[in-house]
Amino acid sequence: METEQKLAEKEIKIRAKDRIIAWPRMGRIDIPLKALVQSLGAKVVIPPANSNEALELGVRNSIEGICLPYKLNLANYMMALDKGANTLMMFQAPGSCRLGNYTKMAQKTLKQMGYKFDMVIFDMYKSKMVQTLQAFWHVTHCLNPYCYYKGFSLGFNKLFAIDTAERLLFYTRPRELNKGDAEKCYHKWLKIADETNSVRKAKRLKKQVIEDFKKIPIDKDKKVPKVYLIGEFFVLLDPYTNQNIEKELGEMGVEVQRQIMFSDWLEHVLKPSIFYKKESHRERCVKYAKKYMKRAIGGECIETIGDTVYAAKHGIDGIIHISPFSCMPEIVAQNILPKVSKNENIPVLSLVLDEQTGKAGYITRIEAFIDLIKRRQQKYAI
Amino acid sequence: MEKKTVLTKIGIPRAMSYYNNFLFYYGFFKSLGVEVVLSDKTTTATINEGTKYVVSDTCFPIKVYAGHVINLLNKGCDVIFVPSIQSTGYKVNNCSKIRGLPEIIRNIINRPFIMIEPTLDKTENIGLYDFCKNTACQLGITDTKEIKKAMDAGWEMYNSFMEMTKSGISYNEALNNALNGKFVKKSVDIVKPLSVVIMAHGYNLFDERISLNLIKKLEKMGVKVYTSLNISREQQQEALKKLGEIQYWANELELTGCAAHYLLNKKVDGIIALSAFGCGPDSLMVDEISHHCKEKGMPLIHLTIDEHTGEAGFITRIEAFVDMLMRKKRNTLIQNAKPKAKADIINIKKEKILTGSAK
């Protein structure tokens, strides 16, 4: 096996200087990762945001039975390669679900299509800080520890700032007096975060974001129904795939809360468990899901169940569960959710997304669900 | 101290891991003195019953499994064996639905029953011994010696079954022989004009309702059928390695390993892939093999089954595939023959092959 790998490496030998790096899009990961890779001294290509065009490209070149995230990932790779990238990055976690097969398949498909590239894989099975560093070293051949410090602190600070902005956006959007203020503020800070280039400034970002959001005039006494958004990782974070469900809900006057945040997950994955002192999201989920599930079965299934139980116990009005079509762990979750919903007395709406989901029908279902929640609230108020 | 009551009866649904591991389970429970109750064979009624309980996106085998559990409960058996096979090697995991089988069954069926739910997870160092011990403990048996003895008994039954199937005896025959304590080996291999290998999970292929009796249908057409039971696990692993692939799924060897073995030794004329609709891992495995088949010029047909599969359309596709294989074989035979004796060979081979044709 090793000799084969060496041969493969010889075939596509790219000098560290000439590397142009690209990775698939997922949520807002591009901003922090760009900062990190650039401060290590490599060039970066960011594929255009997911769109119908990208999806079509992905569907055309992948097999029928694979799940939606792969199709979009493949399209991202192709678009990035067309733009001149020659090194692709991807993380994988074997044993979770089909995700572990993504890189293998994408590599094969792209090679068949005649692209020449090098793929760097981050193995995320249990905390692997050392492996991650090695992968970055392989890509950039950067030996300066200061660059690593700068890159990681820039990346993490930006990530935390963006996540904070997102959380505040969820809170502000249904309550704002002038429609569109929160959205504007959020995009402004995304842009600022992207442009920030010094560690000192990056560290201040989070505070500035909080202060800026406080300035938006809101109706504090407005009664807003709270909805948890749970489900599959990629679909939750990618606004194209989930048809911008957060915005739609916010405009309907619903406060969205999302437990799966990229920074939480990354912190949990990268930090060795000794340094991780507070209860992580996953641990909390395992604890709450115990009544319904006794073992983790890969993917985000246990998070879905745990969050639902947690939400029911903490005054949340409803759950919207979204997943891509034929996602295996989420199907198991879907089977379990009706019982949880009944026992914990919380309404749950399961939405399955694929490339053919019509937006109108989708919105109708969400509207009906929100109506149900509001009526329930009135009933309990009486 | 109060002694835990020992359960003396256990129900095993005739679905999923039953088809590959039943003899191990049977030998194990019999040695422990536990009576084994099986659910009835799959019928359309079983499938309809199971479909009522699970959400529509769930794959076909799980629906069948739910139907079998209901069947057992209706029979009056309220102790049901639902194993969760998480991984069979380090980082070689199973499909989420198989891993979460007890979770699904616990939450969809609102009836009181006891579920025996051991876990096999070699990534987390929970091996077969822990699996068996857990099972026995849940039944109320804690004697370590007895458990070890029962495991040996299970292996004995399983191995004799595997030896029989490896010699070429059909699944049902080997199962009956093993259950009756007989050991029969086939010494002569029947030569048929065509041979195919079916790559499919045991729970799809050997369930006569799910696979719509595919093996018998092919044998009627004069085709010799090889399955994953005809070769050993080691051979499958070796073949997969030779092909340059890595095992990713726990139950992958039944498909890719088996197909790779026959693809490399060129013993067969074609490959039939049988998978359930919406099966995540299968879609990848079939793709992987079809990729290699294209390179090596081996015909492959992918049949997808679900609860609505019409038998007529199914037969037509198999017939067309077999006819195609026949034509291909005839052509290669003609081309390979020496020009001198060509005419003779055409006549001879044509006769020989055509007698075994589908028609």
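The values are calculated or read from the model by the stated rules, or taken from the named source; none is laboratory data. Since this is a predicted model, take the numbers as computed values, not measurements. Cβ sites come from the backbone with ideal geometry, for glycine too, and all protein chains shown count toward neighbours. Side chains included, ligands, DNA and RNA excluded: accessible areas come from the protein's heavy atoms. Shrake-Rupley method; radii C 1.70, N 1.55, O 1.52, S 1.80 Å.
Residues that are open to solvent by 10 Å² or more (accessible area, probe 1.4 Å) and in contact (Cβ under 8 Å) with a residue 60 or more places away in the chain within the stretch A:316-340 comprise A:I316, A:D317, A:F325, A:S326, A:C327, listed in sequence order.
Do you know which residues across the stretch B:93-105 are at the interface with chain A (Cβ under 8 Å from one of its Cβ atoms) and either within 15 Å of B:P281 (Cβ to Cβ) or open to solvent by 10 Å² or more (accessible area, probe 1.4 Å) (or both)?
Hits for the stretch B:93-105 are B:N93, B:C95, B:S96, B:K97, B:R99, B:G100.
Applying the set (1) touching a strand residue (DSSP E or B) at 6+ places or on another chain (Cβ under 6 Å); (2) hydroxyl-bearing (S, T, Y); (3) farther than 26 Å from B:A150 by Cβ to B:Y90 leaves exactly one unmet item: (1).
Every residue, every condition in (1) outside the structural domain of B:H201 (by TED's automatic domain parsing); (2) out of contact with any His (no Cβ under 9 Å at 6 or more places or on another chain); (3) at pLDDT below 90, yes or no:
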{"residue": "B:Y262", "(1), (2), (3)": "no, yes, no"}
{"residue": "B:K267", "(1), (2), (3)": "no, no, yes"}
{"residue": "B:I271", "(1), (2), (3)": "no, yes, no"}
{"residue": "B:C279", "(1), (2), (3)": "no, no, yes"}
{"residue": "B:E288", "(1), (2), (3)": "no, yes, yes"}
{"residue": "B:C293", "(1), (2), (3)": "no, yes, no"}
{"residue": "B:P299", "(1), (2), (3)": "no, yes, no"}
{"residue": "B:I305", "(1), (2), (3)": "no, yes, yes"}
{"residue": "B:A320", "(1), (2), (3)": "no, yes, no"}
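Is it true that B:L263 is more than 10 Å from chain A (Cβ to nearest Cβ), under 18 Å from B:T88 (Cβ atoms) and either open to solvent by less than 10 Å² (accessible area, probe 1.4 Å) or among the basic types (K, R) (or both)? Against the criterion (more than 10 Å from chain A (Cβ to nearest Cβ), under 18 Å from B:T88 (Cβ atoms) and either open to solvent by less than 10 Å² (accessible area, probe 1.4 Å) or among the basic types (K, R) (or both)), B:L263 does not qualify.
A count restricted to the stretch A:280-315 and to residues that are over 26 Å from A:Q92 (Cβ atoms), open to solvent by less than 10 Å² (accessible area, probe 1.4 Å) and more than 14 Å from every other protein chain (Cβ to nearest Cβ) stands at 1. Out of curiosity, is A:K179 under 26 Å from A:V209 (Cα atoms) and either among the aliphatic types (A, V, I, L, M) or part of a helix (DSSP H, G or I) (or both)? Judged against the criteria, A:K179 is not a match. Summed over the stretch A:145-176, the residues that are more than 20 Å from A:M26 (Cα to Cα) and either touching a strand residue (DSSP E or B) at 6+ places or on another chain (Cβ under 8 Å) or buried (at least 23 other Cβ atoms within 10 Å of the Cβ) (or both) give a count of 6. Taking strands (runs of 3 or more DSSP E) as the structural unit, those lying wholly within the stretch B:212-310 and holding at least 2 residues that are within 28 Å of B:T123 (Cα to Cα) and in contact (Cβ under 8 Å) with a residue 60 or more places away in the chain correspond to B:270-276.
Tallying residues that are open to solvent by less than 60 Å² (accessible area, probe 1.4 Å), more than 20 Å from B:I114 (Cβ to Cβ) and in contact with a Lys or Arg (Cβ under 8 Å, 6 or more places away or on another chain) within the stretch B:145-186 yields 5.
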